[in-house]
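Written out below as structure tokens is the structure these notes cover.
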Amino acid sequence: MKIKDRLDRVRTSDRKFVSKILDRSVKDFDFPKSEAKKIKAPTLKEQIKRLDEVRKAVLAKPDRLRMQIWHGEDWYSHYKPKKAKFECNAPHCIAGFLQAFSPNEAIREMYPGDAGKILAPIAAHMFVVDDYEAMEWLKNRDYAKIK
């Protein structure tokens, strides 16, 4: 299923927000100039690998998936990805997990929705769904089926 086709399933109030996210490219985000040169649009393979990391963390501790928040109060952007993956028990949404697991400090400091869109654009449409739909999407690896 193509990402834009998923917009039909998104609540009307969120459609405009999701469309805006999907239409942005990496160059549209506000980075320090030194960091912007390091950030490239990810390949589909890279996005799937990142989402597999999120999937692994969520399936190991399902109560950590909370789609109504970006990050729980126990997470801080200065945490290194290894700590975020294995030691931090803070809940996150999909975009929050992507951001927390990123080794790029500039991405960990930015707005979580933007960070998630940069790291895995194929997941942007999932940033506005409920916990159940997000969990099913991760469990079934639906992101790996997107063309």
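What follows draws every value from the coordinates through simple rules; no lab data is involved. This one's a predicted model, so the numbers in the text were calculated from it and none came from an experiment. Here Cβ is always computed from backbone atoms with ideal geometry, including for glycine, and neighbour counts include all displayed protein chains.
Between Glu136 and Asn89, the modelled label-to-label distance comes to 3.0 nm, taking each label 7 Å out from Cα in the direction of the beta carbon.
Inter-label distance, Ala144 to Ile69: 3.0 nm, where each label sits 7 Å from its Cα along the C-beta direction. With a Förster radius of 25 Å applied to the C-beta separation of Thr43 and Glu109, the computed FRET efficiency comes to 0.55.
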